[in-house]
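The values are calculated or read from the model by the stated rules, or taken from the named source; none is laboratory data. On a predicted model such as this, the values are computed, not experimentally measured, just so you know. With ideal geometry, Cβ positions are generated from the backbone for all residues, glycine too; neighbour counts draw on all protein chains shown. All accessible areas refer to the heavy atoms of the entire protein, side chains included, with ligands and DNA or RNA removed. Shrake-Rupley method; radii C 1.70, N 1.55, O 1.52, S 1.80 Å.
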Amino acid sequence: MKYLTFKNGDQLPMIGLGTWKSKPGEVYDAVLWALSAGYRHIDCAAIYDNEKEVGKAFEKAFSDGLVKREEIFVTSKLWNNSHRFEDVIPALKNSLLELRLNYLDLYLIHWPIAFKNGVGFAQTREEFFTYKDVPLSQTWAGMEEAHNQGLTKHIGMSNFNISKLEEVFESAEIKPEMNQIELHPFLPQKKLVEFCKSNGMLVTAYSPLGSGDRAARIKKENEPSLLENDMVRAIADKHNCTVGQVLIAFSIHRDIAVIPKSTNEGRIKENLASIQVDLDADDMKALLNIGTDFRYIDGSFFTGTKSPYTLSDLWEK
């Protein structure tokens, strides 16, 4: 395994198991298969609604001696309905309870979008907070307090653009250490990745394979397919590996952690083997300039006439 290193020396395995869209009844086995295969990085979130089952898998792995707690790196995320200072720690503690852990290795603000407490997914204007109601500085102060209490070793965010990161930097006593973002050859995020790295932040790529299994309601018609792209296929043939392995290796070769999701035991092992795919400079140049520009998780479900937020609050122009 290859690793990214935090400022304090803690190491993050570059390939982790993503658990978004992993259904209850499937994610338990997926986590145990992953740990058995050698994964030591598991990515979770409260809104995935499966942390309780992930926790049961952790408990089983620990009790069977498969791994020790200190040998795995666990991430979870603060959902949009817990952005007020007083809501951050209770939300984190609930994730810990469900995950059956005493601490997290990394806790992230899931989106720079705030709902009122108790709202699962805001549908009306009244269910949102604005940045005036709950500024990002308030949420970040809650994250810092969680870190100071030892509930999480590291803190960061997900889906933050440069302007939102800069806003947090202005008041931060503890600088963010991670930004988890959608990233793949159709969305290489060069400017944002460079900004994060220049400011001492690590980067994790989600949806590295294009998230083709997400709900139909958040898909667009005629989406381009990463897994069926001719250039990616040609590179896979060149290296005698799968298309998925090329897409995972793409992030690794940019010193970016990557969290492919799977609930298939064979695919889980296959994804981990991506660490052995040695893409060369020509491969990377071709992938970085693939000629297709597409964001699969566009965040439009947080915007619209009933929301105080716009897509400019989320993405780089």
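Points worth noting:
- Residue ID - modelled with the lowest pLDDT, chosen from residues in the stretch 1-37 that are surrounded by fewer than 15 Cβ atoms within 10 Å (Cβ to Cβ) and part of a loop (DSSP other than H, G, I, E, B): P24
- Some residue of the stretch 100-120 being among the acidic types (D, E), under 19 Å from the mean Cα position of the chain (by Cα) and either modelled with pLDDT of 95 or more or farther than 25 Å from I181 by Cβ (or both): yes
- Test result for S95, in contact (Cβ under 8 Å) with a residue 12 or more places away in the chain, in a helix (DSSP H, G or I), at negative phi and among the hydroxyl-bearing types (S, T, Y): yes
- Any hit, the stretch 279-300, residues being within 22 Å of P224 (Cα to Cα), among the aromatic types (F, W, Y) and open to solvent by 60 Å² or more (accessible area, probe 1.4 Å): no
- So E126, is it under 30 Å from F73 (Cβ atoms), among the acidic types (D, E) and either surrounded by 18 or more Cβ atoms within 10 Å (Cβ to Cβ) or free of Cβ contacts under 8 Å to residues at least 40 places away in the same chain (or both): no
- Filtered by the rule that a residue be of a type in the set (F, W, Y), outside any strand (DSSP E or B) and either buried (at least 21 other Cβ atoms within 10 Å of the Cβ) or out of contact with any helix residue (DSSP H, G or I) (no Cβ under 8 Å at 6 or more places or on another chain) (or both), the stretch 98-120 gives a lone residue, W111.
- Taking the criterion of being polar (S, T, N, Q) and either assigned to a helix (DSSP H, G or I) or open to solvent by less than 60 Å² (accessible area, probe 1.4 Å) (or both), the residues of the stretch 247-278 that qualify are S251, S262, T263, N271, S274, Q276.
- Residues of the stretch 47-71 classified as closer than 14 Å to L101 by Cα and either small (G, A, S) or not in a loop (DSSP other than H, G, I, E, B) (or both), total: 16
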